[in-house]
1. Filter the range 96-115 for residues that are over 13 Å from Lys51 (Cα atoms) and without any contact (Cβ under 8 Å) to a residue 12 or more places away in the chain and give the result.
2. Condition first: among the hydroxyl-bearing types (Ser, Thr, Tyr), surrounded by 15 or more Cβ atoms within 10 Å (Cβ to Cβ) and not in a strand (DSSP E or B). Now tell me which residues in the range 50-69 satisfy that.
3. Here's a check for you: in the range 67-106, which residue that is more than 13 Å from the chain's Cα centre (by Cα) and of a type in the set (Val, Ile, Thr) is farthest from Gln129 (Cα to Cα)?
4. Just checking, which of Leu100, Leu136, Leu110 is closer than 19 Å to Glu25 by Cα, at pLDDT 90 or above and either of a type outside the set (Val, Ile, Thr) or surrounded by fewer than 12 Cβ atoms within 10 Å (Cβ to Cβ) (or both)?
5. Quickly run through the range 67-79 and pick out the residues that are modelled with pLDDT under 95 and of a type outside the set (D, E, K, R).
6. How many of the residues in the range 53-82 are free of Cβ contacts under 8 Å to residues at least 40 places away in the same chain and over 17 Å from Lys28 (Cβ atoms)?
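The values are calculated or read from the model by the stated rules, or taken from the named source; none is laboratory data. A quick note: this is a predicted structure, and the numbers were derived from the prediction, not measured. A quick note on method: Cβ atoms are made from the backbone with ideal geometry, for glycine too, and the neighbour counts reach across all protein chains shown.
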Amino acid sequence: MKKLIIFICLASLVSACSSTASISEPEKNAAYQDYITEQKLPSLDKVRTFKMRGWQFLSDNYLIVTASLKKQYLLELSGFCPDLGFASNIVIKQSNSSSLTTRFDSVSALKTPRIKCFIKAIHPVTKAQLKEITALGKSPDDDEK
């Protein structure tokens with residue numbers, strides 16, 4: 001009988017640890033869009049002298065890119081962009097090698113370069129805003145881990 005009780009307790013504990021509340025993609029996208037609206041983030045059509053230094057995946061529609069001079073931009077992409085969440089590298093296809101432009105430039109996962117995710121909006125963000133934005137996509141349980 002003791003073994004059965006111990007087994008049930010362990011099974012409950014393991015299942016409780018493995019089931020974490022996560023935020024769905026539509027919820028993430030809505031949170032990012034709400035943040036843009038609430039913070040009144042400016043939207044740029046073009047960033048001159050753009051050279052990507054790094055990037056961070058947020059969702060299938062949003063990502064952060066870091067450019068030269070430590071400037072960060074929140075990119076909103078048109079439509080669903082598969083494989084970005086699993087990509088180790090991305091490619092930004094620029095119509096002009098020294099600038100980043102909405103509607104003409106696109107983002108692709110390195111493994112699937114033919115699938116173009118066109119840039120719908122470019123929002124410059126500060127370091128403080130960057131921290132707030134990245135916190136939006138995490139579930140409350142992520143802080144405890």
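1. Arg114
2. Within the range 50-69, just Ser59 meets the criteria.
3. Val91
4. Residue meeting the stated conditions: Leu136.
5. The answer is Ala67, Ser68, Leu69, Ser78, Gly79.
6. Residues that pass the stated criteria total 8.
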